[in-house]
Amino acid sequence: SLVILRLTEGEHVPYRNSKLTHILQCALGGNAYTTLLATINTAATHKLETISTLNFAMRAKRVTVTAFVNEEREGSSVALTNELQRLRNELAAMRASMQAQSQQVHSHSNLEAYSTSTHSSVQSS
């Protein structure tokens, strides 16, 4: 409620005062179109809660946001698809190279361990 009030007044907005408003920061005062659905009850026992909900909805209605697209597209979709495929191929090649190096190091260390154990068994004889 305080966040909505501050948004309509143009003052500092304390989004972190509530977990809900912190999560909804982009939707409430940022770069998004937002829909608010206020549900009310016509029973007399819920009169105060209904009035409070309607007041909140009226304040929320006065909030204005200007949403815009965050990304800029450069190039055609075909060019971007080709670039993505090239990068995937490059990543796969790098992973294969790293795995081959890892296997080479592992086999070399096994060979050293074998030659060390063979050498020490020959000396003990």
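Taken together, the values in this text are just the output of simple stated rules run on the coordinates, not laboratory data. Keep in mind the model is a prediction, meaning the values are calculated, not measured.
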- request: Express in nm, to one decimal, how much length is gained between GLN104 and LEU24 on full extension, taking 0.36 nm for each residue of separation and deducting their alpha carbon distance.
  value: 23.7 nm
- prompt: Taking 0.36 nm per residue of separation and subtracting the Cα-Cα distance, what length does fully extending ALA93 through ARG16 add?
  reply: 23.2 nm
